[in-house]
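These notes are about the structure you will find just below.
The values are calculated or read from the model by the stated rules, or taken from the named source; none is laboratory data. Everything quoted here is computed from the prediction, not taken from an experiment. Here the Cβ is made from the backbone with ideal geometry for all residues, glycine too, and neighbour counts use every protein chain on show. Each accessible area value is taken on the protein alone, full model and side chains, heavy atoms only, with ligands, DNA and RNA left out. Shrake-Rupley method; radii C 1.70, N 1.55, O 1.52, S 1.80 Å.
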Amino acid sequence: AKDEGKNNYAIFKPTQNSGGLERLTLENSIRKALQQEEFVLYYQPQIKLQTGEIIGTEALVRWKHPTLGLVPPGKFIPIAEETGLIVPLGEWVLRTACRQNQIWKEKGFAPMKVSVNLSSRQFSKQNLVDTVKRILLETELDPQYLELEITESMTMNVEIAIEVLGKLKELGIQICIDDFGTGYSNLYYLKLFSIDRLKIDQSFVRDIMTDTNDADIVATIIAMAHKLGIDVIAEGVENKDQLDFLRSQNCHEVQGFYYHRPLPANEIEQLFTRTSAM
Ligand code: C2E
Ligand code: CA
Ligand code: CA
Ligand code: CA
């Protein structure tokens, strides 16, 4: 269960040798894919450790390419970011995830959060707050069930971050810092930004059992989150040992292949039904 990509994804050639022409081709393909609605969202469950219940999902984009098959985000998000196409793509992701979450609620599943990844390009856009507001109205999703995942680097400009995050919080949505521990966060600002949740980066979780530094870092982040009154989720949990360690540190939530891989909407629904029937 180590490498999700190997079997499911076709090799996507253009990025292996990103010459100018190939980059341009890829840019044009992404633009066309947006128009032809070739992108799909997969959803990975987030589990509350104390109860084992699914308390939310993270929306992860894939490109259903007509000939190449399912292309993972690592192959096109960087180019989408460089070219600014991440803005319309990100908006599509946000709308689709909100709509799907609202559909699940209307189908009678227990309401849960959906987490959506935000790129820095989107974060620094003037109209981000308006876009989020409009999509919430459009999809009728209760704002408390939307979480945006940002990274530490987006909070580097403290004044802007305070302003944008403040406005987003006013909408009633949640904010999570993704890949936590890989950047430079001033702990003081975590409180100031009124962050709801930290997501411990999977690079620390991976070697938790063999690298005592990583184990210390994870334990420290969890303890710090407890002290600040912030939720903490660990991602990339692949085995029981990692889970037991996280449990011993009272980590609130986990996400990873040990529980579930990211799944298409119709497949993850089966889990919701089973969970509530048990
Ligand atoms: P991320 O936000 O850190 O997402 C977590 C990644 O870890 C996902 O890869 C997920 O499939 C993978 N993962 C989950 N559990 C495990 C596990 O137990 N072990 C291992 N080894 N991996 C696990 P994915 O879906 O390929 O996404 C890669 C990255 O692409 C994401 O990293 C995120 O930075 C970006 N991304 C994906 N969807 C979006 C999107 O809609 N917008 C933006 N801006 N970025 C996105
Ligand atoms: Ca994420
Ligand atoms: Ca992450
Ligand atoms: Ca990441």
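Wholly within region 126-240, which helices (runs of 4 or more DSSP H) include no fewer than the required count, namely at least 2 residues that are touching a strand residue (DSSP E or B) at 6+ places or on another chain (Cβ under 7 Å)?
The helices (runs of 4 or more DSSP H) meeting that bar are 158-170, 202-206, 212-228.
Quick check on region 174-182. Is at least one of its residues closer than 17 Å to LEU198 by Cα and either of a type in the set (Gly, Ala, Ser) or free of Cβ contacts under 8 Å to residues at least 12 places away in the same chain (or both)?
yes
Search region 217-232 for residues that are touching a residue at least 12 places away in the same chain (Cβ under 8 Å) and pair each with any residue that is open to solvent by less than 60 Å² (accessible area, probe 1.4 Å) and among the aromatic types (Phe, Trp, Tyr) when their beta-carbon atoms are under 7 Å apart and the residues are at least 6 apart or on different chains.
Note: pairs meeting the criteria are ILE217/PHE204; VAL218/PHE204; ILE221/PHE180.
When you look at GLY181, is it small (Gly, Ala, Ser) and open to solvent by less than 60 Å² (accessible area, probe 1.4 Å), yes or no?
yes
Being acidic (Asp, Glu) and under 24 Å from the mean Cα position of the chain (by Cα) is the filter here; which residues of region 196-216 pass it?
Answer for region 196-216, where residues must be acidic (Asp, Glu) and under 24 Å from the mean Cα position of the chain (by Cα): ASP196, ASP201, ASP207, ASP214.
Output the residues belonging to region 72-95 that are under 14 Å from GLU37 (Cα atoms) and in contact with a Phe, Trp or Tyr (Cβ under 8 Å, 6 or more places away or on another chain).
Within region 72-95, LEU89, TRP92, VAL93 qualify.
Within region 236-257, is there a residue that is buried (at least 18 other Cβ atoms within 10 Å of the Cβ), farther than 30 Å from VAL71 by Cβ and out of contact with any helix residue (DSSP H, G or I) (no Cβ under 9 Å at 6 or more places or on another chain)?
yes
Of all the residues that make up region 71-125, how many are outside any helix (DSSP H, G or I) and within 27 Å of GLU53 (Cβ to Cβ)?
Looking only at that region, the number is 12.
Test LYS75 against the criterion of being open to solvent by 30 Å² or more (accessible area, probe 1.4 Å), over 25 Å from THR131 (Cα atoms) and in contact with a strand residue (DSSP E or B) (Cβ under 8 Å, 6 or more places away or on another chain), and give yes or no.
Yes; evaluated as a whole, the condition is true for this residue.
For the condition closer than 22 Å to GLN100 by Cα, among the polar types (S, T, N, Q) and in contact with a Pro (Cβ under 9 Å, 6 or more places away or on another chain), what is the one hit in GLN270, GLN255?
Matching residue, one of GLN270, GLN255: GLN255.
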